[in-house]
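Chemist: Here it is: the structure, laid out below.
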Amino acid sequence: MLSVCVIDDDKSQREVLKDFLTDLGCEVRTYSRGESCLEAIKKRNTDVVITDYKMPGLSGIETLEKIKQINPQIQVIVVTAYGTIENAVKAMQLGAWDYISKPIEMDELEIKLNRIKEHKTLLKENEILKEKMELLTPETDIIYRSKKMEEIINLIGRISNRKSSVLVQGETGTGKELIARTIHDLSDRKDENFVAVNCAAIPENLFESELFGHEKGAFTGADSQRKGRFEIANKGTLFLDEVGEIPLNIQVKMLRVLQEEEFQRLGSSETISTDVRIVAATNQDLKTMVDEDRFRADLYFRLNVIPIQIPPLSERKDDIPVLVDHFIEKHSHGEHDVEGISTEALDLLLKYEFPGNIRELENIIERAVSLVRGSTITSEYLFLDSDEEIGGQDLNEKVANYEKSLIKKALDENNNNQTRAAQELGVSVTTLNYKVKKYFD
Ligand SMILES: Nc1ncnc2c1ncn2[C@@H]1O[C@H](COP(=O)(O)OP(=O)(O)OP(=O)(O)O)[C@@H](O)[C@H]1O
Ligand SMILES: [Mg+2]
């Protein structure tokens, strides 16, 4: 139902319109002056104002302008005298929905109002749709464009508040840790700790104490009490990175803790209860490890309640252009004023396979940003062909290319630190600097 205001200084005209509009099912209020209508629309919900053009006090045009200032969503129909087309044009320019000339044809008015009704319904549907979309796709720091990633983001939005364990699998550099952190950040645990444990980095004999903590004197070298990761992560999220590396004997203990939600510090008989959300990640195929008895099936099932498989970058190339822009922006601060990438260079990236996935893409862009002269990254600064057979016409050219690829590799491995790269190559910084200029300028 539309809520309509009628402004006309002619009483009989007001009444005719009111009767007609009421019959159409509108809620109608009438005013003899623009001023009083303006006061009313500030307080009451209004969809449409039908205003006469010529009135004492504020004219129809002035009223229209003020209505649009108060609430641009209100649609205005201006009633003009027959034959005054300039007035109609002016009203349209000032944002009127439409105009209608006197004497008012009621059929015509009905059509115009129906159109406003449709427009309103459409706007509402749009809004609902937008709300739904926002609900589905949460705000994150993850950069993507591909459908595959969008599905993953929607999934983590839906499951972030559940306590079920998540197992994130994907090749190296695909963003497993980023996904794990995002799950935590989207959850109602976000104000508690996110504790990351790199299971590949803990020596086997220290595993238990690392996870569950120990009392002073629990073993040689335990000279003070120490909280384990489970305790620190309490009420938050425990991220078990490289989970495939957990030794088999620890897997048993881990499973028990996950099932019973309690544990003891080493050397203590006190039981501590724990409330942690587990997110585990691996770039190994855990299922195969289970089949080969290198990972316990029961722990695998316990962790794999919500599986997330992140596709390699080569299977979601749509993400490459947005990631490139993102990394250019991230790394071109201060001295490097890089704005973009050439079409040819982007094409090269789109053809490249990225064994190191997004981490590799970031390294490539970071290096290009630091070496490029000018504001656009061009193909030669990507160094994507260095692993292929060394090109070149003759010995000199081949040697030069080989030298170039060695320098590139050394810079790469040393985060573009020329001092360290020079050390690694066994040349002076001056020499390296000279060669960098020679080859990469
Ligand atoms: N979609 C993305 N948007 C922005 N940055 C990303 C994205 N994916 C990954 N990154 C960045 O790439 C780098 C590698 O990601 P991350 O460490 O999460 O990968 P990983 O899968 O855990 O790798 P690994 O298997 O080597 O541990 C990080 O710096 C991360 O922030
Ligand atoms: Mg990782």
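Chemist: Can you find even one residue in the range 216-225 that is free of Cβ contacts under 8 Å to residues at least 60 places away in the same chain and closer than 14 Å to LEU167 by Cβ?
Modeler: The answer is no, given that none of the residues of the range 216-225 is free of Cβ contacts under 8 Å to residues at least 60 places away in the same chain and closer than 14 Å to LEU167 by Cβ.
A quick yes/no check of all residues on (1) within 27 Å of GLN169 (Cα to Cα); (2) among the small types (Gly, Ala, Ser); (3) free of Cβ contacts under 8 Å to residues at least 60 places away in the same chain; (4) touching a helix residue (DSSP H, G or I) at 6+ places or on another chain (Cβ under 8 Å):
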{"residue": "LEU323", "(1), (2), (3), (4)": "yes, no, no, yes"}
{"residue": "HIS331", "(1), (2), (3), (4)": "no, no, yes, yes"}
{"residue": "HIS336", "(1), (2), (3), (4)": "no, no, yes, yes"}
{"residue": "ASP347", "(1), (2), (3), (4)": "no, no, yes, no"}
{"residue": "GLU366", "(1), (2), (3), (4)": "yes, no, yes, yes"}
{"residue": "VAL369", "(1), (2), (3), (4)": "no, no, yes, yes"}
{"residue": "GLY374", "(1), (2), (3), (4)": "no, yes, yes, no"}
{"residue": "GLU380", "(1), (2), (3), (4)": "no, no, no, yes"}
{"residue": "LYS398", "(1), (2), (3), (4)": "no, no, yes, no"}
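Residue-by-condition table, conditions (1) at negative phi; (2) not in a loop (DSSP other than H, G, I, E, B):
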{"site": "VAL338", "(1), (2)": "yes, no"}
{"site": "ALA345", "(1), (2)": "yes, yes"}
{"site": "PHE354", "(1), (2)": "no, no"}
{"site": "VAL369", "(1), (2)": "yes, yes"}
{"site": "ARG373", "(1), (2)": "yes, no"}
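Chemist: Another one. Quick check on LEU384: is it within 25 Å of LEU349 (Cβ to Cβ) and touching a Phe, Trp or Tyr at 6+ places or on another chain (Cβ under 6 Å)?
Modeler: Judged against the criteria, LEU384 is a match.
Chemist: Among HIS326, HIS331, which is within 13 Å of ligand 1 (Cβ to nearest atom) and farther than 25 Å from HIS184 by Cβ?
Modeler: Matching residue, one of HIS326, HIS331: HIS331.
Chemist: In the range 197-234, what residues are away from ligand 1 (no atom under 16 Å from the Cβ), in a helix (DSSP H, G or I) and touching a helix residue (DSSP H, G or I) at 6+ places or on another chain (Cβ under 9 Å)?
Modeler: Result: GLU204, PHE207, GLU208, GLU210, LEU211, PHE212, ARG229, PHE230, GLU231.
Chemist: Any idea which residue in the range 211-243 is nearest to GLY175 (Cα to Cα), counting only those that are aliphatic (A, V, I, L, M) and under 26 Å from the mean Cα position of the chain (by Cα)?
Modeler: Only one residue tops the list, namely LEU240.
Chemist: Considering each of ARG277, ARG294 in turn, give the residue that is in the same structural domain as THR220 (by TED's automatic domain parsing), in contact (Cβ under 8 Å) with a residue 60 or more places away in the chain and of a type in the set (Lys, Arg).
Modeler: Result of the check over ARG277, ARG294: ARG277.
Chemist: Okay, moving on. Provide a single number: the residues in the range 183-216 that are surrounded by fewer than 19 Cβ atoms within 10 Å (Cβ to Cβ), of a type in the set (A, V, I, L, M) and away from ligand 2 (no atom under 14 Å from the Cβ).
Modeler: Looking only at that region, the number is 1.
Chemist: Condition (residue is within 30 Å of PHE354 (Cβ to Cβ), of a type in the set (Phe, Trp, Tyr), surrounded by 20 or more Cβ atoms within 10 Å (Cβ to Cβ) and more than 16 Å from ligand 1 (Cβ to nearest atom)) applied to the range 235-246: is it met by at least one residue?
Modeler: no
Chemist: Follow-up. Wholly within the range 76-182, which helices (runs of 4 or more DSSP H) include no fewer than the required count, namely at least 1 residues that are surrounded by 12 or more Cβ atoms within 10 Å (Cβ to Cβ), among the charged types (D, E, K, R) and touching a strand residue (DSSP E or B) at 6+ places or on another chain (Cβ under 8 Å)?
Modeler: Answer list for the range 76-182: 106-136.
Chemist: Which ones in the range 296-333 are outside any helix (DSSP H, G or I), crowded, with 16+ Cβ neighbours inside 10 Å and in contact with a Leu (Cβ under 6 Å, 6 or more places away or on another chain)?
Modeler: Hit for the range 296-333 is ASN304, nothing else.
Chemist: Separate question: How do the pairs read when you match residues in the range 160-173 that are more than 20 Å from THR288 (Cβ to Cβ) and away from ligand 1 (no atom under 14 Å from the Cβ) with residues anywhere that are not in a strand (DSSP E or B) and not small (Gly, Ala, Ser), using Cβ under 6 Å and keeping only pairs 6 or more apart or on different chains?
Modeler: SER160/ILE183; SER160/LEU186; ASN161/ASP188; SER164/VAL305
Chemist: Within the range 329-339, identify whether any single residue is outside the structural domain of ILE246 (by TED's automatic domain parsing), closer than 22 Å to ASP141 by Cβ and at pLDDT 95 or above, and answer yes or no.
Modeler: no
Chemist: Given the conditions (1) closer than 17 Å to MET1 by Cα; (2) without any contact (Cβ under 8 Å) to a residue 40 or more places away in the chain, report the number of the one that GLY34 does not fulfil.
Modeler: So GLY34 meets the others, but not (1).
Chemist: If you go through the range 297-321, how many residues are touching a residue at least 12 places away in the same chain (Cβ under 8 Å) and either of a type in the set (Phe, Trp, Tyr) or over 21 Å from GLU171 (Cα atoms) (or both)?
Modeler: Within the range 297-321, residues that are touching a residue at least 12 places away in the same chain (Cβ under 8 Å) and either of a type in the set (Phe, Trp, Tyr) or over 21 Å from GLU171 (Cα atoms) (or both) number 4.
Chemist: Go through the residues of the range 1-8 one by one and say whether even a single one is out of contact with any Leu (no Cβ under 8 Å at 6 or more places or on another chain), surrounded by 19 or more Cβ atoms within 10 Å (Cβ to Cβ), under 24 Å from LEU122 (Cα atoms) and in contact (Cβ under 8 Å) with a residue 24 or more places away in the chain.
Modeler: Yes, that holds for at least one residue.
The values are calculated or read from the model by the stated rules, or taken from the named source; none is laboratory data. Since the model is a prediction, treat every value here as computed from it, not as a measurement. Glycine gets a Cβ as well: all are built from the backbone with ideal geometry, and neighbour counts include every protein chain shown.
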